[in-house]
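Engineer: Please find one structure pasted underneath; my questions will follow.
Please treat every number below as a calculation from the coordinates, not as lab data. Keep in mind that what you see is a predicted model, and the values were worked out from it rather than measured. No Cβ is skipped: glycine too gets one built from the backbone with ideal geometry, and neighbour counts run over all protein chains shown.
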């Protein structure tokens with residue numbers, strides 16, 4: 001038979017300041033866990049949704065895995081279109097997107113310059129980059145750009161700086177912002193898009209970084225790969241876009257491992273906060289716990305009651321931290337080397353945060369409870 | 001047949017290299033409805049005996065049979081169940097739980113019995129009435145006087161209708177006036193409700209309310225059946 005639920009709950013009110021401070025400490029710890037897990041989930045999701053399995057990227061063999069370093073001939077798109085039957089075609093238009101992609105210094109009025117990611121595209125880009133949606137304004141014409149949802153974060157400036165109608169400077173030229181776009185949380189959202197030929201002119205380049213091809217089926221990627229292998233003179237390399245971002249995920253694996261390590265360290269700190277509360281709370285109740293045993297309550301019932309106390313506090317902390325995380329942390333954008341992404345407090349993050357929160361309650365309560373119940377009842381009855 | 005029967009009970013403690021024997025092969029019988037007081041100097045084994053009869057400590061040898069059950073043979077879990085059904089314990093300091101009301105404190109032991117909530121409520125109310133606090137059920141311990149708190153402690157001890165109630169210096173922390181009220185209450189409970197009691201006390205006056213007084217010294221009972229004789233044979237430690 002367990003002790004009444006009210007016993008555990010009301011015990012928390014015995015030392016209200018101490019319980020309040022512990023609640024604050026646990027809430028902070030769990031909120032930190034939410035932030036770190038939100039970071040990991042945001043990074044993972046950004047890279048996962050960025051890769052379309054039907055899209056294959058063709059870029060320079062010599063650039064290894066960094067598309068920014070790639071340079072391929074401007075004739076490659078036509079060559080691929082003529083040679084590949086697997087490319088999606090509609091109304092005679094091949095769905096491939098020649099692109100020039102680079103990181104460059106972007107200057108905005110009254111703000112220090114930032115490193116932006118710029119993609120020069122043609123009007124066929126939306127045929128291949130199917131997740132891109134213009135949320136405001138229009139497609140950029142000559143001398144114009146449209147900016148992704150997280151471009152401001154990537155540049156380290158407030159979102160208002162990249163409002164439609166504002167001017168930015170890059171590659172020695174002034175550009176007018178005419179549109180804003182979203183891309184379902186993918187890495188494109190941290191980019192600035194402009195007209196390909198405009199960017200080529202500004203950068204004095206005639207080449208491309210890559211060609212993105214939308215293929216009929218996923219197996220067709222091997223056909224493109226075979227073409228690249230056969231045409232050694234072109235020094236091309238083909239990779240399915242989803243695989244490309246998978247490779248990036250591997251690249252950021254140490255960051256994710258480090259983040260999980262931080263989750264572990266923060267959780268450990270939380271356990272100490274819980275231990276501190278429960279050791280303090282039980283130190284003054286040793287005789288009371290012995291009295292309960294004299295009345296006939298078994299040790300396990302008392303243990304469960306003490307754990308209940310820890311759990312009630314941890315649950316309250318999890319709820320507060322979870323609510324705060326959903327309302328204020330979810331969607332916060334973070335600048336990162338590959339661009340920017342939004343912290344993501346999804347169901348998995350909530351599950352991890354709450355599970356760790358509840359674990360803190362249990363682990364914080366168990367050792368002091370076991371210690372208090374370990375000594376003999378007769379001795380504990382004499383405890384001061 | 002005695003309700004409580006201790007046979008050849010020995011209890012020893014080891015402290016460093018020294019072995020202390022607070023109870024040395026003692027025998028004791030307590031009849032149903034009897035009120036026994038236990039006196040003795042500090043370290044004479046009174047509390048040890050009380051703990052053994054309560055089933056919160058185990059003897060090194062001997063048997064303790066209460067209402068036909070040898071409690072020395074019970075496992076820890078069974079012993080807890082046995083205590084819940086058969087034992088009432090009155091502590092020196094009432095040991096009430098401060099976050100529970102008087103009613104909830106008294107109700108605690110009844111939660112371990114197989115009873116409906118109505119049966120429990122009736123028992124709690126009866127116990128509270130028996131100690132004269134029927135109108136204080138919703139008060140928290142901090143809202144009660146020392147004497148009232150001890151009365152709630154007594155109500156908690158009798159609420160399960162136990163076979164035996166043990167009391168560890170029940171008036172030890174009370175002033176004289178309150179102490180006398182509690183003595184009267186214990187006497188009434190024994191005489192009117194027929195509750196079997198075993199009480200440890202240092203106070204001759206308190207011991208005198210019992211129907212039989214026992215004196216322990218160095219782990220053995222000393223013949224002593226009245227308060228004056230206890231005072232005479234118990235020595236200076238009894239005061």
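Engineer: Within the range B:139-179, whose backbone N sits under 14 Å from a point 7 Å along Cα→Cβ of residue B:205?
Structural biologist: Counting backbone N atoms under 14 Å from the label point, the list is B:171-179.
Engineer: Now, a different point. Considering only A:249, A:75, A:206, give the residue with the highest GNM mean-square fluctuation for chain A, with springs between Cα atoms whenever their separation is below 10 Å.
Structural biologist: Per the Cα network of chain A with a 10 Å cutoff, A:75 tops the list.
Engineer: Also, quick follow-up: Using a Gaussian network model on chain A with a 10 Å cutoff between Cα atoms, which of A:225, A:20, A:274 fluctuates the most?
Structural biologist: Among A:225, A:20, A:274, the largest GNM mean-square fluctuation belongs to A:20.
Engineer: For chain B, what log10 I(q)/I(0) values come out of the Debye formula at q = 0.12, 0.18 1/Å, with one point per alpha carbon and no solvent?
Structural biologist: -0.67, -1.40
Engineer: Counting alpha carbon pairs within less than 8 Å and at least 6 residues apart, what relative contact order, in whole percent, applies to the range A:55-216?
Structural biologist: Once divided by the residue count of the range A:55-216, the mean separation gives 35 percent.
Engineer: Take the Cα pairs of the range A:275-378, get the Kirkwood Rh, then feed it into Stokes-Einstein at 37 °C and 0.692 mPa s and tell me D in µm²/s.
Structural biologist: Values: Rh = 15.9 Å.
Here the translational diffusion coefficient equals 207 µm²/s.
Engineer: If you don't mind, there's one more thing I want to ask. Could you give log10 I(q)/I(0) at q = 0.18, 0.19 Å⁻¹ for the range A:55-216, computed by the Debye formula over C-alpha point scatterers of equal weight, without solvent?
Structural biologist: At q = 0.18, 0.19 Å⁻¹ the computed log10 ratios are -1.10, -1.21.
Engineer: With axes computed from alpha carbons, what is the tilt in degrees of helix B:176-193 against the longest principal axis of chain B, rounded to the nearest 10 within 0 to 90?
Structural biologist: Roughly 90 degrees between the two axes.
Engineer: Let me ask something else. So what is the calculated 222 nm ellipticity per residue for chain A, using -39500 (n - 2.57) for each DSSP H run with n of 4 or more, over all residues, to the nearest 500 deg cm²/dmol? Could you put the intermediate results ahead of the total?
Structural biologist: Details: 13 runs with 188 residues, N = 384.
About -16000 deg cm²/dmol.
Engineer: Sticking with this one: Put a dot 7 Å past each Cα toward the Cβ at residue A:9 and residue A:217; how far apart are the dots in nm?
Structural biologist: 6.1 nm
Engineer: Compute the long axis of helix A:286-295 from its Cα atoms, compare it with the longest principal axis of the Cα atoms of chain A, and write down the angle in degrees, 0 to 90, nearest 10.
Structural biologist: 70 degrees
Engineer: Could you work out how far apart the two model spin labels at residue A:374 and residue B:31 are, taking each label as a point 7 Å from the Cα in the direction of the beta carbon, and quote it in nm?
Structural biologist: It is 4.8 nm.
Engineer: Picking from A:117, A:21, A:319, which is most flexible by a Gaussian network model of chain A using Cα springs under 10 Å?
Structural biologist: Maximum among the listed residues: A:21.
Engineer: Once you have the alpha carbon radius of gyration of the range A:15-72, what is it after dividing by 2.2 N^0.38 Å, with N set to its residue count? Each step should come with its number before you reach the end.
Structural biologist: Details: Rg = 22.2 Å, N = 58, 2.2 N^0.38 = 10.3 Å.
For the range A:15-72, the normalised Cα radius of gyration comes out at 2.16.
Engineer: At what distance in nm do the modelled label points of residue A:85 and residue A:159 sit from each other, each positioned 7 Å from its Cα along Cα→Cβ?
Structural biologist: Inter-label distance under the simple model: 4.9 nm.
Engineer: Now, a different point. At each listed q (0.11, 0.12 Å⁻¹), what is the log10 of I(q)/I(0) that the Debye formula gives for the protein assembly as shown modelled as equal alpha-carbon point scatterers?
Structural biologist: -1.00, -1.14
Engineer: Explain nothing, just the number: relative contact order of chain A, from Cα pairs under 8 Å at least 6 residues apart, as a whole percent. Intermediate values should be presented prior to the final figure.
Structural biologist: Values: 745 pairs, mean separation 110.8, N = 384.
Over chain A, the number comes to 29 percent.
Engineer: Two decimals, Cα atoms only, Kirkwood Rh: what is Rg/Rh over the range A:204-275?
Structural biologist: Details: Rg = 21.5 Å, Rh = 16.3 Å.
Radius of gyration relative to Kirkwood radius: 1.32.
Engineer: OK, next. Within the range A:43-61, find all residues whose amide N lies under 19 Å from a label point positioned 7 Å from the Cα of residue A:131 along Cα-to-beta-carbon.
Structural biologist: Within reach of a label on residue A:131: A:43-58.
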